[in-house]
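Undergrad: Quick one: this structure, given as structure tokens, is what I'll be asking you about.
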Amino acid sequence: MIRYDAAAKIFTLSTPHTSYQMKTDADGRLLHTWYGRRLPDSCPDMAEPRAPHTDPGCWPDLLPLEYPAPGTADNRCCAVCPEYADGTEAADLRYASHKILPGKYSLPGLPAFRQDANAESLCITLWDAAGLQVELWYAVYPDCDLITRAAVLTNTGSAPLILRRAASACLDFSPRPLELITTDGVWAGERTPHRAPLRPGEQTIGSVRGIPGHAHNPAAILCTPDTTETQGEAWGALLVYSGNFALTAESCEAGTRLLLGIHPYHFAWTLAPGQSFAVPEAAFVYSRQGLGEMSRQFHTAIRRHLLRRPWADPQTPRPVLINSWEACYFTFDEQRLLQLARAAKQADIDLFVLDDGWFQGRNDDGTSLGDWVADPAKLPDGLPGLCKKVNDIGLDFGLWVEPEAISPDSDLYRTHPDWALKIPHRETVAIRRQYTLDFSRPEVVDGIWAQLQAVLNSCPIRYLKWDMNRSLANVYSAALPAARQGEVYHRYVLGVYELQRRLTEAYPDLLLENCAGGGARYDCGMLYFSPQIWCSDNTDARARMSIQYGTGLFYPGCTMGAHFSTVPNHCTGHISAPQARMAMALFGTFGFELDLTAYTQKELDGLTPFIAWYRAHGALLRGGDLYRLVNPDAANLGAAWMTVSHDKVEAAVFAVGTALAGSGGHCPRLVLQGLNESVAYTVTDGENTETCSGFVLQTLGLPLPGDYGEAPSKIWYLKQV
Ligand code: GLA
């Protein structure tokens, strides 16, 4: 619901449990006045009474500005910075007009939360007399606590201007103690949560790698110091963007400013008179019931309003797949692949994915990227021959590609050396022995599209894993003049989006999984196209606890590529129990990635009950509400979580290695959440079934497995009696 109080000049956006309010002051500045619990429908004015020394006439740098720009005495970090033809870098943005529209706004060329007739949008136009017009866009959906924001920047002047900064959103908080939570990491250890009190000054996470990268995810939470999983205030923010980003929290006497959007590094976008630039979308959730409720709101919003149909629907089954990577790496021939496919069929797996190494001459990571034609030495009958044989075994077929990459040793590079990003007269940096294609150029995107179409039209490929195995470097495009090189990073991302748009429109039933050397591009921009993203190259159950817990702060389990793999784990050397590995895979998309040809018949038979369990309860896992019960922090090597259906009729509970938490002779218990306390549930662990009231389950809890030995893991299914 969006309301405008014309007399008081107040805009109030309300979701089921939250409100967001702005107000234009007497001088036409747009002030941010509230983001928090839902306000009454009378929409009271939440502008704080100001102390005399904060009179804007004296201290404009203390004002809570909705979209701040430099040159106006606001000296905090700013959202937008135009450089006009006369060299000035300033914009004094004042209210010009607004409109409230039914439905959700869209952004040209950019992924965003989707159109919905029941949504409502607000556009507030601000204007700087030197020519920059800013359209601030907001949207609310009636069924979740999501507020989206974006901006369209237009040059209404008569000379070109250069955008030096173009943030997605800015959010000012009045002075109060706040803590910042981000999810950070490294390759094979992505998105581990870090939480710390804000200190005075700027704290920034970001990326200038051209992709979000392994180090930081484009999402953050501000919360009060007392906020826990189940109580306290939390403001979550994320970007619908897959390139360079900056997310800054700046604390000063005026309070805290949260700013997020495209990183200003090497960003300079020229707008000729009349031209516009759309910034990537930002999305916010506020919760006053802790981090758990904030996550559930993000999950609901992403499932209902971002993911692509038919995969967005929890009822749409996702295939249980086996991926060839950890089983074969680059060493295989057709016979080897078919043996693996046969073993997978015996375990009742649905889909066989051929990972890296299938295209001409690709026997290690040093060659052939860009030559998307099957290697006759490995696949004598090409992809169609292999696909047919896999189909005859009874499995669907899927394939790995890395469309943005080009090997120096490839026919594509020999034919089009200028298609790689490279700085003239400098050595081009190879990472993983490969360069990156210049996706800012439409002809490069067209060339790769033609190759992908040839592959996808050659046989029934049901699943495509789109990988991206390195950061950008040498960012310079042969197709743009010197003065436009500051546009290459963003144009690159637009090129990636364009190719994924073509793919998903031309092959609507293709299941696309994004990947970037594991989880280096895990963001809502990618999720708009691919309903799942490979979470991490680390498939170790213990490591996955932290990675998947952190990922789950923002993104639902149905988006997390997660596979059961072998022990000792190829990444960490750990040995974890099969049940723990199964539980971590079931947290996500549930697939397999190991050499099943080494399994005995008995071992293969041991996998099928889990696959049957996933088929029976997959809709609950994909669509239910997540409750985090035990966090896998350093003091506690275990983790526990549960998924509850919206109607609270059924739930799945997972405990991985949690006995370590309660050792000491007594049986520790796992207190559940999210259930209906006034009904009874049957509780099944695969062997025993008991009946227990929701009240008891949420008060006394479930007994965890014994105290000693290898930390056991347990999976329960609960159904209302
Ligand atoms: C990346 C991916 C892996 C695998 C390899 C293949 O590292 O994350 O899953 O596909 O590339 O080279």
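Undergrad: Looking at the chain, what % of its DSSP beta bridges pair antiparallel, to the nearest 5? Could the numbers behind the result be given before it?
TA: Numbers: 135 of 161 bridges.
Beta bridges within the chain, antiparallel portion: roughly 85 percent.
Undergrad: 222 nm [θ] for the chain, helices only, -39500 (n - 2.57) per DSSP H run of 4+, per residue, to 500?
TA: So the calculated ellipticity at 222 nm is -6000 deg cm²/dmol.
Undergrad: Taking only C-alpha pairs under 8 Å that are 6+ residues apart, what is the relative contact order of the range 2-282 in percent? Working shown, then result.
TA: Details: 714 pairs, mean separation 47.0, N = 281.
That works out to 17 percent.
Undergrad: What fraction, in whole percent, of alpha-carbon pairs in the range 236-284 exceed 16 Å separation?
TA: On the way: 629 of 1176 pairs.
Across the range 236-284, Cα pairs with separations above 16 Å total 53 percent.
Undergrad: Across 5 Å bins from 0, what is the distribution of all Cα-Cα pair distances for the range 1-131, in whole percents?
TA: For the range 1-131, the binned pair fractions read 2, 9, 17, 18, 20, 17, 11, 5, 2, 0 percent.
Undergrad: For the range 53-209, would you read off the P(r) tail past 21 Å as a percentage of all alpha carbon pairs?
TA: Beyond 21 Å sits 59 percent of the P(r) for the range 53-209.
Undergrad: Note down the net charge around residue 189, summing +1 for each Lys or Arg and -1 for each Asp or Glu among other residues with Cβ under 12 Å from its Cβ.
TA: Net local charge, residue 189 excluded: -1.
Undergrad: Tell me the relative contact order for the chain as a rounded percent, counting alpha carbon contacts under 8 Å between residues six or more apart.
TA: With pairs under 8 Å counted, the relative contact order is 10 percent.
Undergrad: State whether the range 2-282 is rounded, prolate or oblate according to the following rule on the C-alpha gyration tensor (a ≥ b ≥ c being the square roots of its eigenvalues): a/c under 1.5 gives rounded; otherwise a/b larger than b/c gives prolate, and the remaining case gives oblate.
TA: Rounded, because the longest to shortest axis ratio a/c is under 1.5.
Undergrad: Could you give the radius of gyration (one decimal) and Dmax (whole number) of the Cα atoms in the range 527-593, in Å?
TA: According to the Cα coordinates of the range 527-593, Rg and Dmax are 11.2, 36 Å.
Undergrad: How high is the FRET efficiency between residue 691 and residue 8 when r is their beta carbon distance and R₀ equals 60 Å, given to the nearest 0.05?
TA: Calculated transfer efficiency: 0.60.
Undergrad: Tell me, what is the percent relative contact order of the range 470-570, built from C-alpha pairs under 8 Å that lie six or more residues apart?
TA: Working: 81 pairs, mean separation 19.9, N = 101.
Over the range 470-570, the number comes to 20 percent.
Undergrad: Let me ask you something else. State the percentage of accessible surface on the chain attributable to carbon and sulfur atoms; use a 1.4 Å probe and exclude ligands, DNA and RNA.
TA: Carbon-and-sulfur percentage of accessible area, whole number: 53.
Undergrad: Tell me which residues come under 5 Å, amide H to amide H, from residue 518 once H is placed; ignore anything under 5 positions away on its chain.
TA: Amide H neighbours of residue 518: 537.
Undergrad: Under 5 Å between amide H atoms, partner at least 5 residues away or on a different chain: which partners does residue 592 have, H built in plane at 1.01 Å?
TA: Answer set, sorted by chain and number: 321, 322, 323, 564.
Undergrad: Taking 20 °C and 1.002 mPa s as the conditions, I'd like the Stokes-Einstein D for the chain in µm²/s, using the Kirkwood hydrodynamic radius from alpha carbon pairs. The partial results should precede the final answer.
TA: Numbers: Rh = 26.8 Å.
Once the numbers are plugged in, D ends up at 80 µm²/s.
Undergrad: Along the range 163-169, what does the Karplus equation 6.51 cos²θ - 1.76 cosθ + 1.60 (θ = phi - 60°) give for ³J(HN,Hα), rounded to whole Hz, x for Gly and Pro?
TA: Each residue of the range 163-169 in turn: 7, 8, 9, 8, 6, 7, 6 Hz.
Undergrad: Can you work out the Karplus-derived ³J(HN,Hα) for every residue in the range 408-416? Use 6.51 cos²θ - 1.76 cosθ + 1.60 with θ = phi - 60°, whole Hz, and x for glycine or proline.
TA: x, 9, 8, 5, 4, 5, 5, 7, 10
Undergrad: Here is a follow-up. Give the accessible surface of the chain per residue, rounded to a whole number of Å², with probe radius 1.4 Å and ligands, DNA and RNA excluded.
TA: Details: 25500 Å² over 721 residues.
In whole numbers, the chain has 35 Å² accessible per residue.
The values are calculated or read from the model by the stated rules, or taken from the named source; none is laboratory data. Quantities reported herein were computed from a predicted structural model and do not represent experimental measurements. Using ideal geometry, Cβ is built from the backbone for each residue, glycine included, and neighbour counts are taken over all protein chains shown. These area figures cover heavy atoms from the full protein model, side chains too; ligands, DNA and RNA do not enter into them. Shrake-Rupley method; radii C 1.70, N 1.55, O 1.52, S 1.80 Å.
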